[in-house]
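The values are calculated or read from the model by the stated rules, or taken from the named source; none is laboratory data. A quick note: this is a predicted structure, and the numbers were derived from the prediction, not measured. Glycine also receives a Cβ, built like all others from the backbone with ideal geometry; neighbour counts cover every protein chain displayed. These accessible areas exclude ligands, DNA and RNA; they are computed on the full protein's heavy atoms, side chains included. Shrake-Rupley method; radii C 1.70, N 1.55, O 1.52, S 1.80 Å.
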Amino acid sequence: MEPNAAFDEYERSAVAAISAAATAEQLEAARVEFLGKKQGRLKDLQKLLGQVAAEERRVIGQRFNEVKTKVESLLSSRQKELDRPKRVIAGIDITLPGRTPKIGVLHPITQTIEEFKDIMGRFGFTAVEGPEIEDEQHNFTALNIPAEHPARDPLDNFYIAAAGVSSGGPVLLRSQTSTVQIRTMERTPPPIRIVSLGRVYRPDTQDDTHSCMFHQMEGLMVDRDVTMAQLKTVLALFAKAYLGEDVKVRFRPSFFPFTEPSVEVDMLWGETWIEVGGAGMVDPNVLRAVGYDPEAVTGFAFGLGVERFCMRRHEVRNIRLFYENDARFLRQF
Ligand code: FA5
């Protein structure tokens with residue numbers, strides 16, 4: 001027989017015999033057969049080793065040692081098992097070692113959210129929550145997105161059947177956490193300094209950086225004399241706190257109906273700038289819609305993609321990995 005095949009066959013039958021041995025006698029028989037010094041099967045393998053060509057001997061010799069060590073250690077652990085005094089109560093051997101429970105880890109995105117809250121907490125921002133099922137008032141109207149605006153297109157949103165919802169109007173899975181700006185300002189007079197982290201939903205085409213369900217961190221600060229300079233400082237400090245001092249962040253002029261002026265926020269990842277969020281100064285129309293006086297207070301707001309930051313920190317190049325529930329991936333965090 002070819003040496004490698006012989007080793008495989010030896011290993012297979014030794015493992016089977018040792019595991020099946022139920023008494024000290026049976027185990028001893030297996031020992032003699034597979035590891036016996038005089039005429040055990042190990043001796044035959046050794047002979048085989050003598051016949052292989054010199055240049056192959058090192059590799060095959062290694063395999064021989066591996067197999068031998070494995071069978072020896074299996075034998076000794078089976079020996080210990082058989083030697084163990086048994087105490088059987090009601091058919092259960094209470095001396096059997098316990099099963100070690102497998103302890104899970106928090107999902108990487110959950111960990112990221114906790115860390116974001118922690119960092120923003122240090123900057124004085126309190127974390128608040130809002131519902132994932134929203135009405136059009138909070139997802140659009142109060143955010144200065146009028147009735148005919150394309151952002152409301154049913155093809156760009158997950159509208160759901162409105163059965164049993166008290167407002168009566170259409171409801172949808174929120175497409176942005178900006179809804180929580182409105183909910184917070186509706187119930188709290190200024191000053192405000194909050195973040196809100198949670199899931200949002202969009203029927204986007206999936207790719208390496210887009211998922212239909214993802215997470216955003218919304219930030220809102222409203223007070224007297226809040227400025228764009230403060231917004232940029234908070235975002236730059238946040239990025240550095242999460243990704244390290246050397247992270248590069250840039251702001252590009254952009255448009256959102258609920259902020260004026262508006263910017264898009266990018267960060268450098270290797271050689272490429274990747275978009276991580278939108279931000280701007282809260283539009284006076286939004287302040288008015290919640291009963292604030294835009295002459296008395298100003299505010300900034302931002303919405304950042306949680307996954308994108310987490311991906312950059314851990315060099316994850318494909319957002320889908322977070323949602324495939326492959327334990328081999330998730331265990332790494
Ligand atoms: C918004 O959602 C605005 N609400 C942000 C905002 C808040 C602007 C407050 C001004 C004031 P945008 O659609 O660009 O903006 O999304 C923000 C971020 O969410 C993106 O930069 C990206 O990081 C992330 N994002 C958007 N779509 C997806 C997606 N399909 N999968 C993963 N992340 C996404």
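When residue 306 is tested against (1) open to solvent by 10 Å² or more (accessible area, probe 1.4 Å); (2) under 19 Å from residue 202 (Cα atoms), only condition (1) is not met. Here is a check on your reading of the model: is residue 242 open to solvent by less than 20 Å² (accessible area, probe 1.4 Å) and either out of contact with any Cys (no Cβ under 7 Å at 6 or more places or on another chain) or not acidic (Asp, Glu) (or both)? Taking the combined requirement at face value, the residue satisfies it. Of all residues in segment 124-139, those being open to solvent by 60 Å² or more (accessible area, probe 1.4 Å) and under 16 Å from residue 220 (Cβ atoms) number 2.
Picking from 171, 226, which residue would you name as being of a type in the set (A, V, I, L, M), farther than 25 Å from residue 116 by Cα and surrounded by 18 or more Cβ atoms within 10 Å (Cβ to Cβ)?
171
When you look at residue 205, is it of a type in the set (Val, Ile, Thr), assigned by TED's automatic domain parsing to the domain that holds residue 127 and touching a residue at least 12 places away in the same chain (Cβ under 8 Å), yes or no? Considered against the rule, which asks whether it is of a type in the set (Val, Ile, Thr), assigned by TED's automatic domain parsing to the domain that holds residue 127 and touching a residue at least 12 places away in the same chain (Cβ under 8 Å), residue 205 comes out as no. Taking the conditions (1) acidic (Asp, Glu); (2) away from the ligand (no atom under 13 Å from the Cβ); (3) surrounded by fewer than 13 Cβ atoms within 10 Å (Cβ to Cβ) in turn, residue 207 satisfies each one other than (2). Only residues that are more than 15 Å from residue 277 (Cα to Cα) and touching a helix residue (DSSP H, G or I) at 6+ places or on another chain (Cβ under 8 Å) were counted in segment 224-241, giving 1.
Of the strands (runs of 3 or more DSSP E) that lie entirely inside segment 125-223, those containing 3 or more residues that are aliphatic (A, V, I, L, M) and touching a helix residue (DSSP H, G or I) at 6+ places or on another chain (Cβ under 6 Å) span 192-201.
Only one of the numbered conditions (1) surrounded by 18 or more Cβ atoms within 10 Å (Cβ to Cβ); (2) within 29 Å of the chain's Cα centre (by Cα) is violated by residue 192, and that is (2).
Close contacts from segment 140-152, counting a first residue that is at pLDDT 95 or above and a second that is not in a loop (DSSP other than H, G, I, E, B), with Cβ to Cβ under 6 Å and a gap of 6+ residues or different chains, come to 140/152; 142/182; 142/289; 144/285; 144/286; 145/151. Criterion applied to 328, 250, 312 was being over 27 Å from residue 150 (Cα atoms), in contact with a strand residue (DSSP E or B) (Cβ under 9 Å, 6 or more places away or on another chain) and surrounded by fewer than 17 Cβ atoms within 10 Å (Cβ to Cβ), and the one residue passing it is 250.
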